[in-house]
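**Q** If you scroll down you'll find the structure; I have some questions about it.
The values are calculated or read from the model by the stated rules, or taken from the named source; none is laboratory data. Note that the structure is a prediction, hence the values are computed from the model and not measured. Here the Cβ positions follow ideal geometry from the backbone for every residue, glycine too, while neighbour counts run over all protein chains shown.
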Amino acid sequence: MRLQPRQELLSVWKAITEWCGPADSFRWADRDGSNSISDAELLLCLLLPPLKLPDIRYDRPDQTEAGVRTALAGFGSPVEISQRVVGLLGEFMTRHSDPETGLPTFAAGNYLTTAPGDEAEPTPEQLRLEVVDSFATSIALCLSALRFLRGYRRQVQRGNHLEEIARVEIATQKRLTAAMAGLQRSFTVSVFESNSPEGRALRENVYPGLNLPNVVRRIREALTTVEAGLSELGVNAEQVEDLRLSPNKLFECGWSWGVVQGADMVKTQPGYAEPVPYLYFTVVAVDGIRDLLAEETRLEGLLTEEQRALSNTLKLQWELAQRYWSTIATMGEQRWPVEELPWRTTAEAESDYYSLLVLSLVRHALGDRNAPQADLTRVGRVLEDLADRGRIRRRPLANDPALDLHQPGRWVHLGGATLVGPDAPRVGRRLGELSSLVFGRALALAAQVNDSPERARLIALADDVWEHLKRRRLRHGRGADLWDDPANVFPSLIHRDEPSWYHTLRVVRCMGVAAELIRSDPPPGPALAALAAELLAEAQNVFAREQLRGSGEGGPALRDSLNRQSINLSRARQMLRTQPGTASVHLLEVLRELDRLAAVRENQAGI
């Protein structure tokens, strides 16, 4: 793999400290300003890497490595680095809380924009709308912050520092609870007639070009377990009951863009989001909940009793959404719907970006149920197609519409956001991280496959995407080495000279996935594994014959040689299943040394 995660992450840290500046004038804002999402993304760029690469952790000042000290020198000495991060976490919790009630806020702020060509600006009420992005990002931030705070607290003795850590931890737990509650109340179910525009779009996705009379029945049968789970969940109870009683209706489930209309009141803000699942926000929620359900979260006891109850509901929502979308995306007689590019939503919007989002849910689901290797290979082929169609590995055409996926990105309307007040314009969200999504999915899929050639193919794809992303780094100014300037790759686009925490965090996350992939053992190829097994059988047999001759009773040099070969044999047995190539090296050494002993013996006997 061409990417070197440790070195690249340290470069990102150094660039962040140069951009953000000293404590008394710390710059939170990226090129789009500051809000609850981008501020959390900035902190995650600092907190996530040590969770993936423990060697670069800084919560133990006396063990901070020289490379980390250099990268974060802008924050001060090793002791000051940890204190600075605690201070930044505390400042974040204060900045994004209601000054009157003290409750956490999750406002989208300047992440919301009006429609392309609309000269109006979002109203102040719309900028305060709370969105799934902020809920999910806050979950990731709070979990990583709790791990950092608890690790650092064990190194602290001064009372005032311990008090500050305690205050920040309380605020972090409070925000985590609120984020989980907001995410839970953003889950929704949409039921529609099979002959409605939504129903026709869904049927066309699953069985393109066919109008079979039993298509609806087939889809409903495939989703039987999802329907049962929705009844147990109790969300949109009337619609779910209507679905149960109406065999000709279809449905979708997942996350809307925020707390849905009619959901239980969250704090003082009612739900405004239309009760319709959005593919983008469903993927964001699924990824955030996956962090919450990770085994480390449970083993480290990070959740309170209230949070564990919330996580149980979120887990069911998470399982239902993944099963729904992965089922729909892999139905059909021959080709999967997700292989038919681009994906078309039930709102009749189509884009390769949507294909990539659906593919993310399919990959997760296939991994969770230990799907056959052939299924993972199909996902890998679609990823390659998307990289080529997105001009990541191919030269763009003149006036290529594919470049719109990189800049300005796809604009998604947030239905219901006009309800916040009079004269509120239509607002939406820009989606534009195609390259980092392909990169991360290729790395994650490479970790899942058990076939060496396929793993090599996916790593080659990841290498190509990484070369593309490296070129998109900012090249000049205080933001150099951060992301993202696609005009470095596509000169027809507008150059950007300031960083985006949105894009930078997504590359940082990919580096963490790459580090885990590098640390894992590659799947052994069947030919290499068979060769190592044959070498082991021969080496053990030759070694046993040597012992039968009484060689172990010979002189010191002979005994030392046999002891070394015994150790090599033992090591080879341990590595045979996971590293057959390395095991073969040890076995060849055993055979070489035993043959040398045999040659010496034959020479002495005059043979």
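**Q** At least 1 residues that are in contact with a strand residue (DSSP E or B) (Cβ under 9 Å, 6 or more places away or on another chain), modelled with pLDDT of 95 or more and not small (Gly, Ala, Ser) in each: list the helices (runs of 4 or more DSSP H) lying fully within the stretch 421-539 that qualify.
**A** Correct list: 452-471, 501-519.
**Q** Which condition from (1) within 21 Å of Arg323 (Cα to Cα); (2) acidic (Asp, Glu); (3) under 29 Å from the mean Cα position of the chain (by Cα) is the one that Glu241 breaks?
**A** Evaluating Glu241 over (1) within 21 Å of Arg323 (Cα to Cα); (2) acidic (Asp, Glu); (3) under 29 Å from the mean Cα position of the chain (by Cα) leaves (3) as the failure.
**Q** Can you spot a residue in the stretch 13-28 that is part of a helix (DSSP H, G or I), crowded, with 23+ Cβ neighbours inside 10 Å and either of a type in the set (D, E, K, R) or under 20 Å from the mean Cα position of the chain (by Cα) (or both)?
**A** Yes, the conditions are met somewhere in the stretch 13-28.
**Q** Return a yes/no flag: does the stretch 34-42 have any residue that is touching a helix residue (DSSP H, G or I) at 6+ places or on another chain (Cβ under 8 Å), under 22 Å from Cys142 (Cβ atoms), among the acidic types (Asp, Glu) and at pLDDT 95 or above.
**A** Yes, some residue in the stretch 34-42 is touching a helix residue (DSSP H, G or I) at 6+ places or on another chain (Cβ under 8 Å), under 22 Å from Cys142 (Cβ atoms), among the acidic types (Asp, Glu) and at pLDDT 95 or above.
**Q** Quick check, is Ile392 at pLDDT 95 or above, in a loop (DSSP other than H, G, I, E, B) and under 30 Å from Gln373 (Cβ atoms)?
**A** yes
**Q** Another question, then. Looking at Ala136, Ala140, Ala201, can you tell me which residue is more than 23 Å from Ser326 (Cα to Cα), among the aliphatic types (A, V, I, L, M) and either surrounded by fewer than 24 Cβ atoms within 10 Å (Cβ to Cβ) or in contact (Cβ under 8 Å) with a residue 24 or more places away in the chain (or both)?
**A** Exactly one residue qualifies, and that residue is Ala140.
**Q** If Thr346 satisfies all but one of (1) closer than 19 Å to Glu198 by Cβ; (2) outside any loop (DSSP other than H, G, I, E, B), what's the number of the condition it fails?
**A** The one condition Thr346 does not meet is (2).
**Q** Pull up the stretch 574-607, narrow it to residues that are of a type in the set (Lys, Arg) and over 16 Å from Ala557 (Cβ atoms), then point me to the one that is surrounded by the fewest Cβ atoms within 10 Å (Cβ to Cβ).
**A** Result: Arg592.
**Q** Ok, one more. Is there any pair with a first residue in the stretch 111-127 that is touching a residue at least 60 places away in the same chain (Cβ under 8 Å) and under 23 Å from Glu41 (Cβ atoms) and a second that is among the aromatic types (Phe, Trp, Tyr) and not in a helix (DSSP H, G or I) whose Cβ atoms are under 9 Å apart and which are 6 or more apart or on different chains, and what are they?
**A** If the second residue must be among the aromatic types (Phe, Trp, Tyr) and not in a helix (DSSP H, G or I), the pairs left are Thr113/Trp411.
**Q** Report yes if Leu386 is within 21 Å of Val284 (Cβ to Cβ), in contact (Cβ under 8 Å) with a residue 12 or more places away in the chain and buried (at least 16 other Cβ atoms within 10 Å of the Cβ), otherwise no.
**A** It is true that Leu386 is within 21 Å of Val284 (Cβ to Cβ), in contact (Cβ under 8 Å) with a residue 12 or more places away in the chain and buried (at least 16 other Cβ atoms within 10 Å of the Cβ).
**Q** Please give the helices (runs of 4 or more DSSP H) falling wholly within the stretch 45-127 in which 2 or more residues are surrounded by 14 or more Cβ atoms within 10 Å (Cβ to Cβ) and of a type in the set (Val, Ile, Thr).
**A** Here the list reads 78-95.
**Q** Shifting gears a bit: Among the residues of the stretch 153-175 satisfying the criterion of being at pLDDT 95 or above and touching a Pro at 6+ places or on another chain (Cβ under 9 Å), which is nearest to Thr304 (Cα to Cα)?
**A** It comes out as Lys174.
**Q** Restricting the first residue to the stretch 482-495 and requiring it to be of a type in the set (Asp, Glu), which pairs with a second residue that is assigned to a strand (DSSP E or B) meet a Cβ separation below 8 Å and a spacing of at least six or different chains?
**A** If the second residue must be assigned to a strand (DSSP E or B), the pairs left are Asp484/Arg473; Asp485/Arg473.
**Q** Need pairs with beta-carbon distance below 8 Å; first residue in contact (Cβ under 8 Å) with a residue 40 or more places away in the chain and at negative phi and within the stretch 361-378, second of a type in the set (Ser, Thr, Tyr) and not in a loop (DSSP other than H, G, I, E, B); sequence gap 6+ or separate chains.
**A** As it stands, the answer is Leu361/Thr282; Leu361/Ser326; His364/Ser326; Ala365/Ser326; Leu366/Ser326, since those pairs meet every condition given.
**Q** Further question on the same structure: Among residues belonging to the stretch 235-257 that are closer than 16 Å to Leu314 by Cβ and among the small types (Gly, Ala, Ser), point out the one that is surrounded by the most Cβ atoms within 10 Å (Cβ to Cβ).
**A** The selected residue is Ser256.
**Q** Quick one: in the stretch 156-196, of everything that is buried (at least 20 other Cβ atoms within 10 Å of the Cβ) and of a type in the set (Lys, Arg), which residue is farthest from Asp291 (Cα to Cα)?
**A** Residue satisfying both the conditions and the ranking: Arg185.
**Q** How many residues, within the stretch 447-505, are touching a Ser or Thr at 6+ places or on another chain (Cβ under 8 Å), charged (D, E, K, R) and buried (at least 21 other Cβ atoms within 10 Å of the Cβ)?
**A** Within the stretch 447-505, residues that are touching a Ser or Thr at 6+ places or on another chain (Cβ under 8 Å), charged (D, E, K, R) and buried (at least 21 other Cβ atoms within 10 Å of the Cβ) number 2.
**Q** Same structure again: Quick one: how many residues across the stretch 322-341 are basic (Lys, Arg) and buried (at least 18 other Cβ atoms within 10 Å of the Cβ)?
**A** So the count comes out to 1.
**Q** Given the residues Arg335, Arg308, which is the only one that is part of a loop (DSSP other than H, G, I, E, B) and of a type in the set (Lys, Arg)?
**A** One residue alone meets the criteria, Arg335.
**Q** Checking the condition touching a residue at least 60 places away in the same chain (Cβ under 8 Å), in a helix (DSSP H, G or I) and under 19 Å from Leu112 (Cβ atoms), which residue from Ala178, Ala285 passes?
**A** Ala285
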